[in-house]
Amino acid sequence: MPQPITAIIVGAGHRSLVYARYALDHPDRLKIVGVADPDAERRQMAQRYFSLSDDMLFENAAALAQRGKLADAVINGTMDQQHVETAVPLLEAGYDMLLEKPFAINEAELRTLIGAARRSGRKVMICHVLRYAPFYAEIRKRLPALGKIQGIETTEHVSHHHMLVSYVRGKWRGAATAGHHSMLLAKCCHDIDLIMWMKSGIAPVRVSSFGGMQQFRPENAPAGAGNRCLVDCPPEIEDNCPFSARKQYLEHPDRWSFYVWRDLENVERPTLEQKAALLKTSDYGLCAYKTGAEIVDNQTVIIQFADGSIASHNMLTGTPLAQRTIHITGERGEILGRVDDSRFTMRVLDPHSTAEYREETVDLNASGDTSGVKGGHAGGDERLVADFVSLLLGEKPSVSCTSIEDSIAGHMTVFRADQAMETGQVVEIPRV
Ligand SMILES: NC(=O)c1ccc[n+]([C@@H]2O[C@H](COP(=O)([O-])OP(=O)(O)OC[C@H]3O[C@@H](n4cnc5c(N)ncnc54)[C@H](O)[C@@H]3O)[C@@H](O)[C@H]2O)c1
């Protein structure tokens, strides 16, 4: 029997724990043996969940790295701007790493981390969870039937509540909280990664992009609106505002609870009164128009690849429902679908059929492929950790496995797309 992979959590926040829980269900494959986090309460929470010994609690990534290699791997779920500073010393100490996206927040950081990863020779897998959603994985497997891929169109509709909680009021609203103000990096680096994956081996060469923040600007706030929904906004305005913190969070207290009620996470069963009190002081209680958010709410990106093929991605917000769509065209057919349906249609040209093409609807719900999968991202989260463990155990990783090398083109395209949007120029994408 092979021994389980041992791993230390670095940054015991929401994402790390989503991944680390795999160890509780599969103790024969993964064992969490330590935690590094400056937040003492989060360290203790991880200690309780995973029965960690006192000498395996560390105040931060640097303190862990100083101790040398104490486990096979780390699960690095620190915030965006901490990925490189925490990853480099741990790679140098000899850890393999599951690392959250975006793995770097700008090109200089990307080059620093790629250099460290290459020098260390360690395995670094990036959490591009959507590659593991059965919907995308199945599309990826079927691409050869289309011949050369000539065009890819993807869209992401960010629901108004996700937009508000993460990007207008939340941690990704700007440089002060995330170290960057790129919506494309925070939200759509998955979509750009999927495009790169569908075009695997063909480099993106140039990009253009347009976008901006149209809605949540101070000048668009209703006349007379306050600065805080539960403090100084007149009731007749607050009650008619779909973006009010009361409507968004108190009326839906379980939605995005790990963000909104972060400061109550050590209270066993916080009451609605405690939540209302928190909203009077936390960022989630700010008027949506007056948070100082620096991100864009609409962005379109057009990419050209070295083989002449093209791709586009549209990120649109304000929708009542979230959805992602994809349409891939090749020399001999097309695939199109909506991940939210877990169903796609494939049409392949057939000169011998009276219809001139064969059509197949692939319904992953019907095959049961999405049922029973725990975690989020259309089934991607748990499959990703399982694949990381397989990689470390020397088993054959899946088609979705995303090494840091596989993630370079996507991250570079994001950085250059934002540059294109800001300058109004078409921007070249260098190979790194
Ligand atoms: N793959 C996805 O689809 C997906 C989804 C959401 C978020 N994310 C990414 O996951 C990452 C984590 O997000 P989150 O919401 O879980 O973050 P979080 O804020 O809940 O957790 C981060 C933790 O890191 C700790 N930390 C800070 N400095 C540290 C250091 N030097 N050493 C060790 N720990 C340190 C913090 O105290 C905190 O507990 C972000 O980069 C985010 O963009 C990815």
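The values are calculated or read from the model by the stated rules, or taken from the named source; none is laboratory data. Quick caveat: nothing in here was measured; it's all calculated off a predicted structure. Please note: Cβ atoms are built from the backbone with ideal geometry, for glycine as well, and neighbour counts cover all protein chains shown.
The set of residues from the range 11-37 being within 16 Å of the chain's Cα centre (by Cα) and closer than 13 Å to Val385 by Cα comprises Arg15, Ser16, Leu17, Val18, Tyr19. Reported count of residues in the range 1-46, each being closer than 16 Å to Ala71 by Cα, of a type outside the set (Gly, Ala, Ser), more than 9 Å from the ligand (Cβ to nearest atom) and at pLDDT 95 or above, is 11. Screening Leu392 on (1) within 19 Å of Cys127 (Cα to Cα); (2) in contact with a helix residue (DSSP H, G or I) (Cβ under 8 Å, 6 or more places away or on another chain); (3) hydrophobic (A, V, I, L, M, F, W, C) shows it passes everything except condition (2). As a summary of the residue check, Thr177 satisfies the conditions (1) surrounded by fewer than 17 Cβ atoms within 10 Å (Cβ to Cβ); (2) over 30 Å from Phe305 (Cα atoms) except for the one numbered (1).
Filter the range 236-268 down to the residues that are of a type in the set (Lys, Arg) and at pLDDT 95 or above, then identify the one that is nearest to the chain's Cα centre (by Cα). Step by step, filter the range 236-268, then rank; the result is Arg262. Of all the residues in the range 90-138, those that are over 17 Å from Asp72 (Cβ atoms) and not aromatic (Phe, Trp, Tyr) number 28. For Ala73, the conditions (1) small (Gly, Ala, Ser); (2) within 14 Å of the ligand (Cβ to nearest atom); (3) touching a strand residue (DSSP E or B) at 6+ places or on another chain (Cβ under 6 Å) are fulfilled apart from (2). Looking across the range 156-204, just one residue is of a type in the set (Val, Ile, Thr), closer than 20 Å to Cys127 by Cα and not in a helix (DSSP H, G or I), and that is Val158.
Return the pair list, or none, for Cβ contacts closer than 8 Å from residues in the range 183-195 that are more than 15 Å from Phe415 (Cβ to Cβ) and touching a residue at least 24 places away in the same chain (Cβ under 8 Å) to residues that are in a loop (DSSP other than H, G, I, E, B) and of a type in the set (Lys, Arg), at least 6 apart or on different chains. Short answer, once both residue conditions are applied: His190/Lys101.
Condition (residue is among the polar types (S, T, N, Q), outside the structural domain of Ala420 (by TED's automatic domain parsing) and touching a residue at least 40 places away in the same chain (Cβ under 8 Å)) applied to the range 261-272: is it met by at least one residue? Working first, answer last.
Taking the range 261-272 first, the residues among the polar types (S, T, N, Q) are 266, 271.
With outside the structural domain of Ala420 (by TED's automatic domain parsing) added as a condition, the list becomes 266, 271.
Imposing the further condition that a residue be touching a residue at least 40 places away in the same chain (Cβ under 8 Å) reduces the set to 266.
The answer is yes; a qualifying residue exists.
Condition first: in a helix (DSSP H, G or I), over 26 Å from Arg122 (Cβ atoms) and touching a helix residue (DSSP H, G or I) at 6+ places or on another chain (Cβ under 9 Å). Now tell me which residues in the range 400-432 satisfy that.
We begin by selecting, within the range 400-432, every residue in a helix (DSSP H, G or I); these are 404-423.
Remaining after also requiring over 26 Å from Arg122 (Cβ atoms): 416-423.
Selection gives Arg416, Ala417, Asp418, Met421.
When you look at Ala137, is it touching a Lys or Arg at 6+ places or on another chain (Cβ under 9 Å), under 22 Å from Glu331 (Cα atoms) and in the same structural domain as Asp341 (by TED's automatic domain parsing), yes or no? Here the answer is yes, as Ala137 does meet what is asked. Filtering the range 127-153 down to residues that are touching a His at 6+ places or on another chain (Cβ under 9 Å) and assigned to a strand (DSSP E or B), which residue is nearest to Thr300 (Cα to Cα)? Per the criteria, the residue is Glu153. Just so you know, in the range 205-218 the residues that are in a strand (DSSP E or B) and hydrophobic (A, V, I, L, M, F, W, C) include one that is surrounded by the fewest Cβ atoms within 10 Å (Cβ to Cβ), and it is Phe210. Which one is nearest to the chain's Cα centre (by Cα), of the residues in the range 121-133 that are away from the ligand (no atom under 16 Å from the Cβ) and buried (at least 19 other Cβ atoms within 10 Å of the Cβ)? Among them, the one singled out is Lys123. Looking across the range 27-74, the residues that are aromatic (Phe, Trp, Tyr) and either closer than 22 Å to Gln3 by Cα or outside the structural domain of Gly121 (by TED's automatic domain parsing) (or both) come down to Tyr49, Phe50. Taking first residues from the range 80-104 that are within 18 Å of Val389 (Cβ to Cβ) and partners that are acidic (Asp, Glu), the Cβ contacts under 9 Å between residues at least 6 apart in sequence or on separate chains come to Tyr95/Asp72; Asp96/Asp72; Glu100/Asp80.
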